[in-house]
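The structure under discussion appears below in the form of C-alpha cells.
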C-alpha cells in the first residue's frame, strides 16, 4: 500500500521556521518531521510514499534529491582532473518517494484528488505532514479491512481544538464537524485509510477534505474511527516543536519505534 502525505500548506502558526521551508520540513531531532512520519510507516513495512507538496515544494524535492549524499560517507577524488565520487556505507531507507506539486492554494481534498493517478485503484494510507503518533499501523489496517467501509480515521481523546467526531458504540462515525475551542471530545488525529471510492467525494482543488467529503461519508455511515489511546502530537507552533525535541533528546519519543540511532 502507498502512503499519501499532505505537505503543501503554509504553516503560518509556526512562521518562525515556515517562512523558509514547508512546515513538514521543520526538523526535530535533526530530521524533518515528515521523515519521522515516513519512518513510522516504514517500521510497519510500508515504504512507498506520495508527498502532496505545494508551498516551497522545491525544498522537499531538493532534500530527497540530496538524501543519498547526506546519508552516506563519501569520497571526492579530483586527482585525475575529474570528480570521482565514491559512496561508503550508505545509511538510507528502501523507500520510493514521489513528490507532486499539488498547487500553492489547493485545499486538502484537492491535493488528494491531484495524486489519484499515482495512487491507482487501491486502498491507501493518508496523513498530515505535521504530527507524530505511535499508533499500530498494522492493527489500523486490519480494523479498516474488517469493517469494509470506505474510510477509517484515527481518533484520540485530547482537550484540543481539532476536528470533532461523534462516535457510536459500533465505532461508526455518526457525524464529523469542524472544531470548536470549547470541545473536549475525540478528535481526528489523521492516520487515515481510504478506499479508492474517496476520490468520488472530492470535487476539485477547492474541496476541503475535513468538510464535504468526511461529512458526507459520516452521513452515509462510511466513515469509521480507530480509537488510539497512546501518543499523538501535532506540531503547530514552536512550543510543540520544542516539546517533541525534548522527547527525542531524552530518549522518550514514543513514535520512534525504530530507535534514535537511525
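Taking the stretch 82-114, which residues are closer than 30 Å to residue 202 by Cα and touching a helix residue (DSSP H, G or I) at 6+ places or on another chain (Cβ under 8 Å)? Outline the logic, then answer.
To start, the set of residues in the stretch 82-114 that are closer than 30 Å to residue 202 by Cα comprises 95-114.
Result: 95, 97, 98, 99, 100, 101, 102, 103, 106, 109, 112, 113.
Can you name every residue in the stretch 193-240 that is crowded, with 21+ Cβ neighbours inside 10 Å and closer than 17 Å to residue 114 by Cβ?
Passing the criteria: 194, 198, 201, 202, 209, 213.
So how many residues does the stretch 115-138 have that are touching a residue at least 12 places away in the same chain (Cβ under 8 Å) and assigned to a helix (DSSP H, G or I)?
Residues that pass the stated criteria total 5.
Restricting to the stretch 229-262, name every residue that is under 21 Å from residue 41 (Cα atoms), assigned to a helix (DSSP H, G or I) and in contact with a helix residue (DSSP H, G or I) (Cβ under 6 Å, 6 or more places away or on another chain).
Hits for the stretch 229-262: nothing passes.
For residue 244, only one of the following conditions fails: (1) more than 22 Å from residue 102 (Cβ to Cβ); (2) modelled with pLDDT under 95; (3) surrounded by 15 or more Cβ atoms within 10 Å (Cβ to Cβ). What is its number?
(2)
So which residues in the stretch 223-247 are in contact with a strand residue (DSSP E or B) (Cβ under 6 Å, 6 or more places away or on another chain) and farther than 17 Å from residue 14 by Cβ, if there are any at all?
Scanning the stretch 223-247 gives 223, 224, 225, 226, 227, 228, 232.
The values are calculated or read from the model by the stated rules, or taken from the named source; none is laboratory data. Bear in mind that the values here come from a model prediction, so they are computed numbers and not experimental data. All Cβ positions, glycine included, derive from the backbone under ideal geometry; neighbour counts span all protein chains shown.
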